[in-house]
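Here's the structure, in structure tokens; my notes come after.
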Amino acid sequence: MKILPIIFREYRMIVKKRSFLISTLLTPALMAALIFLPMLFTRMARGEKTIHILDYSRVVAEALVQDSRKNSPTLHLYPASTADTAFDTAIDNYRARILEKEVDGVLLIPRDVRSSRQVRYYGRNISDFETNRYLAEAVGAVITRHILDEQKIDPDVIRDATRAIELDTFKVKHEGVSRSSSGMDYAMSMVMLTILFSIIMAYGQLIMRGVLEEKSSRIVEILISSTRATTVFSGKILGIGLAGLTQVALWIIIGAIFILQSSIPVSQGIRAFFTLSLAGWFALFFVLGYFIFAILFSIVGAAVNTDEEAQQFAAPITWLLVIPFILGIMVTQSPDSVPVIIASLIPLFSPTLMFMRISVSMPPLAQVLSSVALSLATIWFLAWLGAKIFRTGLLMYGKKPSLREILRWARYR
């Protein structure tokens, strides 16, 4: 069969490149860094801060300092004198000291803090959300204790009565029940969606540029002189798709080794998220998504003459891949809602949205099989349409074709 040499040619051209090996090894490393480095940096970034307290209510500062010594050792709080200083102009005396880094910030507590429940914090850096949260909650706790003491109510009784409930979440799957968290599931789902989007986009763009380069260099004319244009079209898509599937398989193997190694500190939630069945669904929907968008990108490559034209035609296709990110929050919050079900059955969105639904909560098998069937039907239709456009577009040079003209090529016999 003449298609096999074309498949092997495209496959070898990709897997023999040094960039293929580098991306295969580097992508899992980057994804692991994306997951673990923010947590590591957050822990490392907890530097010490010196904050002065100007307490015009005269009921908060001392208790706040004592609480900080027990609950937040990185924050050094010191009460400051408010004598002869008005509340509204108090910061003027501290502005120079803050800018010269003598202190990191000043906490101003108004006289009516019990009723207003508002305090002010002045500092060089006000984007430290952890410090801001701690100061607000600590001041609130001190005021609460002060009011309870005035009313002669035991704070321990109130604390026990209002103690928050900790909710442990466990995910029920066919493989069993495992402890997990909603935040972890959402993060991992978005990570997997990003990987799926990236590889479909990367290999789709690779096909588009490859077709465009061969068309510009007239190499494709040599190919179609010895075989049919549809054979070249199918061979290029299958060969590059096989290379992509090889890379996905290697990533799954690398991920499995990484997760199963007990010496590597992988969260139990991450271990519970990644399963063998999820890897299988990932590979299946990668194949479906690849063929749908590879055909679309190859049509663009055959129809245009320059890289600028290719980018213009490829932009709408790219947006079709971006839409699932917009719907991502809806999928994680309500994976079985009617809008999500409908969107996940649309073949252009199925490879990403249906996979995301599977990663969050396994939908009914009938819906999954329906999305697969619709995707296969779409692939067949696009392959038929793409082969006709590909055959005519490869030999078209000169002016930029319009969308109407490209669709007219499909009617040529």
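Just so it is clear, none of the values below were taken in a lab; they were calculated from the coordinates. Worth saying up front: this structure is predicted, and the values here are computed from it rather than measured. Reconstructed Cβ throughout: ideal geometry from the backbone, glycine too, with neighbour counts over all protein chains shown.
Taking all Cα-Cα distances within the stretch 48-161, those exceeding 26 Å account for 18%. Greater than 21 Å separation of Cα atoms is the criterion. Which listed pairs, K16/K236; K236/K388; K70/K152, meet it? Correct reply: K70/K152.
Spatial offset of the stretch 105-135 relative to the stretch 293-347 amounts to 46 Å, using the alpha carbon center of each. Per-residue packing, averaged as other Cβ atoms within 10 Å, sorts the ranges 7-20, 354-367 into the order 354-367, 7-20, beginning with the highest.
Rounded to the nearest whole Hz, the Karplus-based 3J(HN,Hα) values (6.51 cos²θ - 1.76 cosθ + 1.60, θ = phi - 60°) of the stretch 150-156 follow the sequence 4, 8, 6, 10, 5, x, 5, with x at glycine and proline. Ranked by the mean number of other Cβ atoms within 10 Å of their residues, highest first, the peptides 338-349, 320-331 come out as 338-349, 320-331.
How do Y78, Y203 line up, fewest other C-beta atoms within 10 Å first?
Values: Y78 12, Y203 24.
Ranking Y78, Y203 by Cβ neighbours within 10 Å, fewest first, gives Y78, Y203.
Peptides 136-144, 311-319 ranked from most to least packed by the mean count of surrounding Cβ atoms within 10 Å: 136-144, 311-319. Say each of A366 and L4 gets a label point 7 Å from the Cα, pointing the same way as Cα to Cβ; how far apart are those two points in nm? Result: 4.3 nm between the two label points.
I want the antiparallel fraction of DSSP beta bridges within the stretch 48-161, as a percent rounded to 5. About 25 percent, rounded to the nearest 5.
Residue exposure proxy: F297, F87, ordered by other Cβ atoms within 10 angstrom of their Cβ from fewest to most, comes out as F87, F297.
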